[in-house]
1. Residue check: is residue 31 more than 18 Å from residue 249 (Cβ to Cβ), in contact with a Pro (Cβ under 8 Å, 6 or more places away or on another chain) and surrounded by 16 or more Cβ atoms within 10 Å (Cβ to Cβ)?
2. Identify the residue in the range 217-256 that is touching a residue at least 24 places away in the same chain (Cβ under 8 Å) and small (Gly, Ala, Ser) and, among all such residues, is nearest to residue 89 (Cα to Cα).
3. Filtering the range 48-83 down to residues that are β-branched (Val, Ile, Thr) and buried (at least 16 other Cβ atoms within 10 Å of the Cβ), which residue is farthest from residue 158 (Cα to Cα)?
4. Answer with yes or no whether residue 191 is open to solvent by 40 Å² or more (accessible area, probe 1.4 Å), of a type in the set (Gly, Ala, Ser) and at pLDDT 80 or above.
5. So residue 256 fits all but one of (1) more than 21 Å from the chain's Cα centre (by Cα); (2) surrounded by fewer than 17 Cβ atoms within 10 Å (Cβ to Cβ); what number is the exception?
6. Is it fair to say residue 61 is in a loop (DSSP other than H, G, I, E, B) and out of contact with any Ser or Thr (no Cβ under 7 Å at 6 or more places or on another chain)?
7. Could you list all residues from the range 95-154 that are polar (S, T, N, Q) and open to solvent by less than 50 Å² (accessible area, probe 1.4 Å)?
8. Could you tell me which of the residues 143, 139, 117, 151 is touching a Leu at 6+ places or on another chain (Cβ under 6 Å) and either within 17 Å of residue 197 (Cα to Cα) or at pLDDT 90 or above (or both)?
Amino acid sequence: MSAAHYIQHHLTNLQYDLVHHTLGSGGGFWTLNLDTLMISWFLGVVFLFSFRWAAVKVVEGVPGRWQNCVEVLVEFANTQVKETFHCEDRLVASLGLTIFVWVFLMNFMDLLPVDLLPNAMKALGVPYLRAVPTADPNLTFGLSLSVFVLLLVYGFNFKGFKGFFKELLCEPFSMWAFPINLTLKLVEECAKPLSLALRLFGNLYAGELIFILIALLPWQAQWLLGGPWAIFHILIIVLQAFIFMMLTIVYLSMAKSGH
C-alpha cells in the first residue's frame with residue numbers, strides 16, 4: 001500500500017455503528033471505537049487483578065519483586081496525595097494510583113511495534129486496530145469528564161450548596177458582578193477537563209504518528225531512528241501519566257478548599 005494509505009490505515013479505529021449495526025470504520029456519532037474499549041478494559045483488568053494478587057499474597061518477611069513494585073507505586077501515589085490534598089482521603093489516594101498505573105499501561109502500548117497487533121488482528125479477519133487507547137480523544141475526554149464530575153461532587157461535599165454557589169457567583173468580585181464571576185468560573189472549570197484530555201491525547205497521538213512515519217523507512221533506518229525515539233518516549237509515557245494523576249489531585253484539592 002502507499003504511504004498515505006498506510007498512515008490512514010494505522011490511524012483508523014475499529015468502529016461499531018449502533019444505529020446500523022455494522023462493523024468497520026467511518027461511523028457517525030452513535031459509534032463505538034471497539035479497539036479503544038477492548039484494549040483499555042483489558043489493561044484495566046490486568047491492573048486490578050495483578051494488584052489484587054499482590055495484596056492477597058503479601059508477606060511480611062522478604063517481599064518478592066512484584067510486591068516490592070506494588071508497594072513502591074502505592075507509597076508513591078499516597079505521598080503525592082498527602083503533599084497536595086492535605087487531607088486523609090482513601091478515595092483520592094486510590095484514584096491517583098489507578099489513574100497513574102492505568103494511563104501508564106495504555107501509554108505503554110505505543111512502544112509495541114507498529115504492525116504487531118494490527119497484523120495479528122488482520123489475520124483473524126479484523127480490518128482495523130489502533131493499539132494505543134490514549135491516542136483516541138474519546139478515551140482521554142472520558143477520563144477527564146469523569147474527573148470533572150468528581151470535582152463537582154467534592155465541591156458540594158466540602159462546601160455545601162450555599163458555599164458552592166457563593167464561590168460560583170460572588171468570587172473573585174462582589175455579588176453585584178455575578179455575571180462576570182460566573183463567566184470566569186465557567187471558563188476556569190471547563191478548562192480543566194479540556195486541558196487534561198487534550199494534553200494526554202496530543203502527546204500520545206504525536207508519538208504514535210512518529211512511530212508510524214519511522215515504520216515507512218527502510219528497516220536499517222528504522223532501528224537508527226526508532227531506538228532513540230522509543231527510549232525518549234518512555235519518559236513521555238511516564239510523564240503524561242504522572243501529570244494526569246497530579247492535576248487530578250490538585251483539582252480535587254482546589255475543589256475542597258476555598259477560593
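The values are calculated or read from the model by the stated rules, or taken from the named source; none is laboratory data. What you see is a predicted model; the values in this text were computed from it and never measured. Neighbour counts are summed over all protein chains in view; Cβ atoms, including those assigned to glycine, are modelled from backbone coordinates with ideal geometry. Ligands, DNA and RNA are stripped out before the accessible areas are found, and what is left, the full protein with its side chains, is counted by its heavy atoms. Shrake-Rupley method; radii C 1.70, N 1.55, O 1.52, S 1.80 Å.
1. It is false that residue 31 is more than 18 Å from residue 249 (Cβ to Cβ), in contact with a Pro (Cβ under 8 Å, 6 or more places away or on another chain) and surrounded by 16 or more Cβ atoms within 10 Å (Cβ to Cβ).
2. 253
3. In this case the residue turns out to be 70.
4. yes
5. Unmet for residue 256, out of (1) more than 21 Å from the chain's Cα centre (by Cα); (2) surrounded by fewer than 17 Cβ atoms within 10 Å (Cβ to Cβ): (2).
6. yes
7. Within the range 95-154, 107, 134, 140, 144 qualify.
8. Just a single option satisfies the conditions, and that option is 117.
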